[in-house]
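The structure appears right after this line, and notes come after that.
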Amino acid sequence: MFSLDQIKEIRKQFPILERKVNGAPLVYLDNASTTQKPLAVINGIRDYYQLNNSNVHRGVHTLSQEASALYEKSREKTASWFGVQVGEIAFTSGTTESINLIARGFLAPRLIPGDEILLTGMEHHSNIVPWQMIAEEKGAHISVIPVKKDGTLDMDEANKLMHEKTRMLAFTHVSNTMGTINDAATLCALARQKNIPVLVDGAQSAPHMQVNLRELNCDFFVCSVHKLYAGMGLGILYVHPSRIPQLHACKGGGGMIKEVSFEKTSYADFPLMMEAGTPNVEAVVSLSHAFGFLEQTGMENIRKHEDALCAKLIEGLQRIHGIRIIGQAKERASVVSFVAEGIHPFDIGTLLDQQGIAVRTGHHCTQPLMKQFGLPGTVRASMGMYNTEEEIEVLLRGLEKALKMLR
């Protein structure tokens, strides 16, 4: 866990943490939704607009060349961060678009009636709906790996559900609702034995752990950089080299072509093939600065700090009468969902906000999981590198105060 001096220095890098909300110091515990941005990222975006602002890959003038160099430097940094080659990384608008691009550009052309797409019961809607859409179009079916009562996957059933009709396995690395860390390496290995392509949704794993994609050995990996302390509206799409030749362009426009005529268009190679239109250059530039900040802080240090905060929160919640924690996985990230008997999560979230405490309430885009547990939603507290033990205590006191008002 970070020392008091270390956490003070980290928090100095996040100016938004100095503000007050409803007269109280901000306690930001909604990091699974998006993280706050350090000065390195904020200043990097400012410098881009003040010094280098231009469209990329379009011009020979100096600003365009500078912007393009920054853009591609960030791609190189991203590839290095995940342990892969630069030509295996594409930039998209987010996790959602990355999944849609693989659903449309990889799976749809090879899907036939009777085929199956295998998901899990804890998926975010972004990793359900795109697959459902193409399954409906192609006459395919969705199969689901069950979630056990403790919030972990039934791995025996997972193995049984992988068969000759399975054309894709797509699963979340870390549950955005329960914090469960799935055994991604085992799932990928099982699928590879049966020649089933695998997409790993790393939206919640990338911010909390160092993910080496060569070791994971998946076919596709997706995440959103706004959860990685970088700018909004940018996603990362990794494609294994063996799958790149099997991709089809599914989003047309400028930047993704080799040559255009009214008779026929030829497309650029991956990754540009997946980057149609003007990219979110500021967010791409910000990502390089975010990785630099994470590298300096140390992902292992961050994870240990977040794990300690998570353990403290769980211990405190267990002492409050009527609170039930959803998901009891031993291997988990710093995401905790809970409910209070007889009280709607929205009411708790509203009263916490009045005390300056930011948590997320609702179904967290995991309605099938909520249905399984018989819940309308939960209160979710999710921790980041800048959160402190004192903030966990503020949350617990604020929760007890809210419960007294609501009971």
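Every number in this text was worked out from the coordinates using simple rules, so none of it is lab data. The structure displayed is predicted, hence computed values, not measured ones. So basically every Cβ, Gly included, is an ideal-geometry build from the backbone, and we count neighbours across all protein chains shown.
Computed quantities for the displayed model
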| read-out | value |
| --- | --- |
| Mean-position separation - Cα centroids, region 4-66 and region 333-407, in angstrom | 26 Å |
| Longest exposed-site-free window of the chain, the sites being GluC sites (Glu not before Pro) in a DSSP loop that have at most 11 other C-beta atoms within 10 Å | 1-163 |
| Order of Phe171, Phe373 under a 10 Å beta carbon neighbour criterion, fewest first | Phe373, Phe171 |
| Helix-only CD estimate at 222 nm, as mean residue ellipticity for the chain, using -39500 (n - 2.57) per DSSP H run (n ≥ 4) | -11000 deg cm²/dmol |
| Region 165-191-region 290-304 distance, computed between alpha-carbon centres (Å) | 24 Å |
| Net length gained if the chain between Lys148 and Leu39 were fully extended (0.36 nm per residue, minus Cα distance) | 35.1 nm |
| Pairwise FRET efficiency - Val129 versus Glu164, Cβ, R0 = 30 Å, nearest 0.05 | 0.70 |
| Electrostatic dipole magnitude of region 42-295 [Cβ: Lys, Arg +1; Asp, Glu -1; Cα centre; debye, to 20] | 180 debye |
| Per DSSP, loop trypsin sites (Lys or Arg not before Pro) in region 1-84 with at most 16 further Cβ within 10 Å | Arg19, Arg58 |
| Contact order normalised by residue count of the chain, Cα under 8 Å, 6+ apart, percent | 23 percent |
| Trypsin sites (Lys or Arg not before Pro) lying in DSSP loop within region 233-307, provided at most 14 other Cβ fall within 10 Å | Lys264 |
| Sequence of Cys365, Cys188 once ranked by neighbouring C-beta atoms within 10 Å, starting from the fewest | Cys365, Cys188 |
| Kyte-Doolittle mean at least 0.0, axial Cα span of 20 Å or more - DSSP H helices of the chain | 281-297, 389-406 |
| Radius, Kirkwood style, for region 42-295 when every pair of distinct Cα atoms is counted (Å) | 18.9 Å |
| Among Tyr386, Tyr49, Tyr229: highest mean-square fluctuation, GNM of the chain, C-alpha pairs under 10 Å | Tyr49 |
| Computed lengthening from Met405 to Asn22, 0.36 nm per intervening residue step minus Cα-Cα distance | 136.1 nm |
| Cβ-placed point charges (K, R +1; D, E -1), dipole of region 208-306 about Cα centre in debye, nearest 20 | 140 debye |
| Cα gyration tensor category, rounded, prolate or oblate, for region 124-248 with a/c compared to 1.5 | rounded |
